[in-house]
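Here the structure is laid out as structure tokens; the discussion comes afterwards.
The values are calculated or read from the model by the stated rules, or taken from the named source; none is laboratory data. Given the structure is predicted, the values throughout are model-derived calculations rather than measurements. All Cβ positions, glycine included, derive from the backbone under ideal geometry; neighbour counts span all protein chains shown. Please note that ligands, DNA and RNA were not included when accessible areas were found on the heavy atoms of the full protein model with its side chains. Shrake-Rupley method; radii C 1.70, N 1.55, O 1.52, S 1.80 Å.
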Amino acid sequence: MIRVRKWFQNTLLIVISLLLTLLLLEIISQILSYREIPPTYMADPILGTIHKPDVKTRFPFQEYGNGELTWSTNNAGLREDQPTYFAKEPGVFRILVLGDSHTDGMVNNAESYANVLETLLNEEAARQGSSGRHEVLNAGMGTYSPLQQLLWWRTYGYWYKPDLVIVGFYVGNDLLELVNSSGPRLARHPSGQITIENYPVEGVVPATEASWFWNLKGIFRPLRVYQLTVKAIDNLPVLRSLIRSQRQGAPQDFFSNQYIEAVKVCAPCLSQSFQQAYYFANRDQKEARQILQESLTLFKREAAGQEIPLIIILIPTKRQVEPEDAVEQIQNIQNVLALSAVEATFDDTVYQWIGEITAEQNLLSIDMLPVFREYYLKTKQNLYYRQDWHINAEAHNLIARTIFDLMMGQKSLIEPDELSPVNHQ
């Protein structure tokens, strides 16, 4: 009896000590004023996730300007500084821009190619004495596949009544995200047709968040100790990549020793180019092209159904534009993944397929590869962040100016009736 009592006392002492340690750590964390980054996404029963509205946060990003990037959304969850409403003001020509994280932008809102384009168009309209005004909405969303972009347009973007839609197609991972996503994805049906799976995703996200595990997390989430631990884990590239892959339902080869080693070598290179190459290295290329073709066909049908013009922007990878700046990164990750020279350049294949498909379907497209490559060779200035591999502010500016030049050459795209000179009589 005495032994049992002593064991109970010791156990109780250990528990109390642990609780006091956690309390002390929590007090220290509060004193250090740890600034939590608010969540930038929220669950959506149709698409899986969408941007959370009215978010404004700053986070360290050493490759950007002063080392800190401001990430913000407006009332509609768009990457805009001003509010956006469904109803258009009279005389407004509205352009909706869709895309993944390269369109969403690792830049401040005003520097995204959507917002730079808006500035260019309105400056030109003012020079011409126009009565019209342009509104270019950045609906780009990081982690979104082209299919999710299309479905967002169909579900939410439709209500903005755009006069023109621009889709930024990133050749480095958009095909992978079409087939490997926890949200809506394209897959071959047993009948041989390409169909949309997991759409709408209603029930998937709520069920996960309602589980006992998520409820237990909810108890600890307000604690600074918990927040610091999560942040520490998120800053470890191997753990972060594996956790995200698991959430996205990644195939087993994304948990191989090769893949884990590649994450250590260059996680951004992997997510922005080589993960897609690795995935499709031993898969049916013909089916991959068919899925890509189906995604572009869906965009064409949606635009035709709404009777509005559509422009596809081909956004190349850092490996394609400035390989000289990443020779060691590229060689190391290619060696680790045991990719052949052809397999490692799979983004070139995707780039070629998109060019062929847009030509076959008579889709208006802008190819940014020659523009980017010429600029880089001429100026030796980077258009991609060296470590992150997303396009930088100068690349966004080049895309905006290229779209602007196209519009100035094809005025029918921007509805000349709305841009007629003001009658001063």
19 Å cut-off, amide nitrogen to a point 7 angstrom out along Glu89 Cα→Cβ, residues in the stretch 107-136 | 110, 115-136
Round to the nearest 10 and report in Å² the accessible area of Ser182, as given by a 1.4 Å probe over the protein chains' heavy atoms.
-> 60
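Count the net charge of all other residues whose Cβ sits under 11 Å from the Cβ of Ser112, scoring Lys and Arg as +1 and Asp and Glu as -1. If you can, show how the numbers build up before the last one.
Working: positive: Arg79; negative: Glu80, Asp81, Asp104, Glu111, Glu118.
Every neighbour counted, the sum reads -4.
Over 32 Å between Cα atoms, which of Lys300/Lys411; Lys161/Lys286; Lys286/Lys318; Lys286/Lys380 qualify?
Working: Lys300/Lys411 21 Å; Lys161/Lys286 36 Å; Lys286/Lys318 25 Å; Lys286/Lys380 37 Å.
Table pairs above 32 Å Cα-Cα are Lys161/Lys286; Lys286/Lys380.
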Sticking with the crude label model, points 7 Å out along Cα→Cβ, report the distance from Glu360 to Leu377 in nm, one decimal please.
-> 3.0
In whole Å and largest first, what semi-axes does the C-alpha gyration tensor of the stretch 36-191 yield when each eigenvalue is scaled by 5 and square-rooted?
-> 26, 21, 15
Using a 1.4 Å probe and counting only protein heavy atoms, arrange Val342, Val321 so the residue with the most accessible area comes first.
-> Val342, Val321
If the cut-off is a Cα-Cα distance under 17 Å, which aspartates and glutamates reach Lys6, setting aside same-chain residues fewer than 8 apart in sequence?
-> none
For the pair Ser340 and Lys52, how long in nm is the line joining their label points, each one 7 Å along Cα→Cβ?
-> 4.7
Give the cross-link partners of Lys378 among the aspartates and glutamates, using a straight C-alpha distance below 12 Å as the criterion and excluding same-chain residues fewer than 8 apart.
-> Glu322
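Based on a Kirkwood Rh over C-alpha pairs, give the Stokes-Einstein translational diffusion coefficient of the stretch 298-384 at 10 °C and viscosity 1.306 mPa s in µm²/s. Walk me through the numbers on the way to the answer.
Numbers: Rh = 15.0 Å.
Here the translational diffusion coefficient equals 106 µm²/s.
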Taking 381-390, 326-335 and ranking on average Cβ neighbours within 10 Å, highest first, one gets 381-390, 326-335
